[in-house]
Amino acid sequence: MSTTITAQMAQRTGTNGRRQWRLYVCLMGETHWPEHVFRGAHVPTVAQRSAALASLGYVVALPQDADGLWDWCESSAAPGDLSSAVTLIASVPVRPALREELRDVARVG
């Protein structure tokens, strides 16, 4: 069984001023993390997130009956300022994908 790492997704404002969701795989000790950007303010579906992870070479590492559930937490746009905007961050354990798993995700996505 391979080691799991964490993928996270958070909404940000792009350089063009538009909202977007950024999904990234947290690779400790690395200077560049694999990422995928979803344009628009709507939260990407679980299927869209799975397809994006597969394009980065990862799959969700949860039991089949977990339905790909992501954990959501609340953060502050300005830490320590309780009146600042809330930032939602989603996370899920992932692992490097096997070639056949990438084909399966491509068929569903």
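The numbers here are math on the coordinates, done by the rules we state, and not lab data. All values reported here derive from a predicted model rather than from experimental measurement. Here the Cβ is made from the backbone with ideal geometry for all residues, glycine too, and neighbour counts use every protein chain on show.
Details
- Taking the three principal axes of the alpha carbon atoms in segment 1-99, the coordinate ranges are 44, 31, 27 Å, sorted in descending order.
- Estimated from the Cβ-Cβ distance and a Förster radius of 25 angstrom, the FRET efficiency linking T4 and V86 is about 0.35.
- A cut-off of 5 Å between modelled amide H atoms, ignoring neighbours fewer than 5 places along the same chain, links A61 with V94, R95.
- Computing FRET efficiency as 1/(1 + (r/R0)^6) for N16 and L62, where r is the C-beta to C-beta distance and R0 is 30 Å, gives about 0.30.
- In sequence order, segment 35-46 has phi-based couplings of 8, 9, 10, 9, 7, x, 8, 5, 5, x, 5, 4 Hz under the Karplus curve 6.51 cos²θ - 1.76 cosθ + 1.60, θ = phi - 60°, and Gly or Pro positions carry x.
- Other residues within the sphere of radius under 15 Å centred on the Cβ of R39, judged by their own Cβ, net out at +4 (K and R +1, D and E -1).
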